[in-house]
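Accompanying notes for the structure given below.
The values are calculated or read from the model by the stated rules, or taken from the named source; none is laboratory data. What you see is a predicted model; the values in this text were computed from it and never measured. When we count neighbours, we look across all protein chains shown, and the Cβ atoms used for this are built from the backbone with ideal geometry, even at glycine. Accessible surface areas use protein heavy atoms only, side chains included; no ligands, DNA or RNA. Shrake-Rupley method; radii C 1.70, N 1.55, O 1.52, S 1.80 Å.
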Amino acid sequence: MTEQSAGPSQASPADPNAECPRCLKPQALCVCEGIARIDNKVALLILQHPQEQDRELGTARLTALHFKDALLKIGLSWPSLTKILGRQTDPQRWAILYLGSVKAKTVAPDREIVVVNKNGNAVDHQDSALREIEGIILLDGTWSQAKALWWRNGWMLKCKRVVLGPKRPSRYGKLRREPRSDGLSTIEAAGMLLARLERKPEIETALQASFERLLARYREVRPVLGAGRQR
């Protein structure tokens, strides 16, 4: 599923900073036992900037673990979508969560997912445009890192562009500030997109539950993790 994997940490199991070999988070933050795999029809591809270092609160790997058809790739650039997936693929049938300044509530205030053209305008026949989507691409990293991935991969211009209009802000809250009020974590964006595209609200419910467990554990053990890093 993922490009990189890691063996079990050599740290003591009692060490809260010991690494889970699946999610690569400190054991104190691991929520892997609560993950139920989802047999998704719309494929998920997460492209993570190699300098994304949020090991504790990052959600890319956790998101990918939820889905049977999901791929996490770490890097800066790839020659094509076909090269990434290892199979012939039409990028026009894939959609990328667009990073431009356009906001869903401006171009289509009644929709939570909007397909936009290169000028940032909502395309005609939104429902049919969404039905054509075979896969979703999410760029994982800080805002500037995600933009770097966008500019380094020209093939992304061939993909559909979608923007989200979430009804509530990210659950990160004050733990991790999003650059925009409509900005979501990778796990929240994936849950929202695939739940709407597949018309299965239980997808979003499952991902939100994992995210909430991660945030709750982080708030609980943050002082312990901080002490472990200082030793």
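Within the stretch 121-143, the set of residues being modelled with pLDDT of 95 or more, open to solvent by 20 Å² or more (accessible area, probe 1.4 Å) and either among the hydroxyl-bearing types (Ser, Thr, Tyr) or in contact with an Asp or Glu (Cβ under 9 Å, 6 or more places away or on another chain) (or both) comprises Ser128, Glu134.
Quick grid of which residues meet (1) in contact with a Gly (Cβ under 7 Å, 6 or more places away or on another chain); (2) surrounded by 15 or more Cβ atoms within 10 Å (Cβ to Cβ); (3) within 19 Å of Gln48 (Cα to Cα):
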residue: Ser77; (1), (2), (3): no, no, yes
residue: Pro91; (1), (2), (3): no, yes, yes
residue: Leu99; (1), (2), (3): no, yes, yes
residue: Asn119; (1), (2), (3): no, no, no
residue: Lys158; (1), (2), (3): no, no, no
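Read through the list (1) crowded, with 16+ Cβ neighbours inside 10 Å; (2) over 30 Å from Arg219 (Cα atoms), then give the number of the only condition that Ser170 fails. Checking Ser170 against (1) crowded, with 16+ Cβ neighbours inside 10 Å; (2) over 30 Å from Arg219 (Cα atoms), the one that fails is (2).
Taking Arg55 as the residue in question, decide whether it is modelled with pLDDT under 95, open to solvent by 10 Å² or more (accessible area, probe 1.4 Å) and within 29 Å of Asp127 (Cα to Cα).
Against the criterion (modelled with pLDDT under 95, open to solvent by 10 Å² or more (accessible area, probe 1.4 Å) and within 29 Å of Asp127 (Cα to Cα)), Arg55 does not qualify.
Is at least one residue of the stretch 35-43 under 19 Å from Cys20 (Cα atoms) and open to solvent by 30 Å² or more (accessible area, probe 1.4 Å)? Scanning the stretch 35-43 turns up at least one residue that is under 19 Å from Cys20 (Cα atoms) and open to solvent by 30 Å² or more (accessible area, probe 1.4 Å).
Residues in the stretch 26-45 that are charged (D, E, K, R), under 17 Å from Glu204 (Cβ atoms) and modelled with pLDDT under 95: Arg37 alone.
Being surrounded by fewer than 16 Cβ atoms within 10 Å (Cβ to Cβ) and under 13 Å from the mean Cα position of the chain (by Cα) is the requirement here; does Thr82 meet it?
So Thr82 does not fit the description; no.
For the stretch 193-202, enumerate the residues that are more than 16 Å from Leu45 (Cβ to Cβ) and either open to solvent by less than 10 Å² (accessible area, probe 1.4 Å) or free of Cβ contacts under 8 Å to residues at least 60 places away in the same chain (or both). Listed by number, the residues that qualify are Ala195, Arg199, Lys200, Pro201, Glu202.
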